[in-house]
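The values are calculated or read from the model by the stated rules, or taken from the named source; none is laboratory data. Computed from a predicted structure; not experimentally measured. No Cβ is skipped: glycine too gets one built from the backbone with ideal geometry, and neighbour counts run over all protein chains shown.
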Amino acid sequence: MKRIVMASLVGLVSAGLLTACYYDKEEILYPGSANCTPVEAPAFNTDVLPLLEKKCNNCHSGSFPSGGISLDSFAEVMKYVNNGSLMGSINQSSGYVAMPKNAGKMPACEVANIQKWIDSGASNN
Ligand code: HEC
């Protein structure tokens, strides 16, 4: 019994160390990503919209959104999910204007959370 407790303690501690290490490297490769937690099943209202609010909506909301593109509601965001320009611009793929404009590319972890939400059906959840 004691051994099992010890083993799981060691497991927990090393998992913690590994996680810290992963984040350290991730932070070097993708500045800002330490604030991002990979989410297994991202939801629109809790995981996607807050990212857009943080990185995009100083330009893409309000009465005169940049490029006429609003990203502050599910219905609006879906237009750009469906025409491919949301991920095209975030991934900075050729053929799309790179976003966020005049700022660094979003960390891989944030891009992955948005992509996972789309891949799982882009629900208004
Ligand atoms: C500083 C202002 C600003 C920020 C921040 C910004 N955008 Fe934009 N965005 C623009 C402008 C302006 C345009 C219109 C195209 C142009 O003039 O470059 C645009 C265009 C777009 C387009 C259309 C691109 C295309 O190729 O059709 C999409 C999609 C988009 N933005 C998404 C986003 C997303 C997602 C974010 C956040 C990750 C973001 N934008 C952050 C200003 C901004």
Notebook entry, point to check: Which ones in the stretch 53-72 are surrounded by 12 or more Cβ atoms within 10 Å (Cβ to Cβ) and either among the hydrophobic types (A, V, I, L, M, F, W, C) or more than 9 Å from the ligand (Cβ to nearest atom) (or both)?
Noted result: Glu53, Cys56, Cys59, Ser61, Ile69, Ser70, Leu71, Asp72
Notebook entry, point to check: For Asn83, all conditions in the list (1) surrounded by 10 or more Cβ atoms within 10 Å (Cβ to Cβ); (2) at pLDDT 95 or above hold save one; what is the number of the exception?
Noted result: (1)
Check: Of everything in the stretch 78-116 that's touching a Cys at 6+ places or on another chain (Cβ under 6 Å) and not in a loop (DSSP other than H, G, I, E, B), which residue is farthest from the ligand (Cβ to nearest atom)?
Finding: Cys109
Notebook entry, point to check: How many of the residues making up the stretch 54-76 are in a helix (DSSP H, G or I) and under 16 Å from Asn102 (Cα atoms)?
Noted result: 4
Next item on the list: Output the qualifying pairs, or none if there are none: Cβ atoms under 7 angstrom, residues six or more apart or on different chains, first residue in the stretch 48-71 and assigned by TED's automatic domain parsing to the domain that holds Met106, second residue of a type in the set (Gly, Ala, Ser) and in a helix (DSSP H, G or I).
Entry: Cys59/Ser66; His60/Ser66
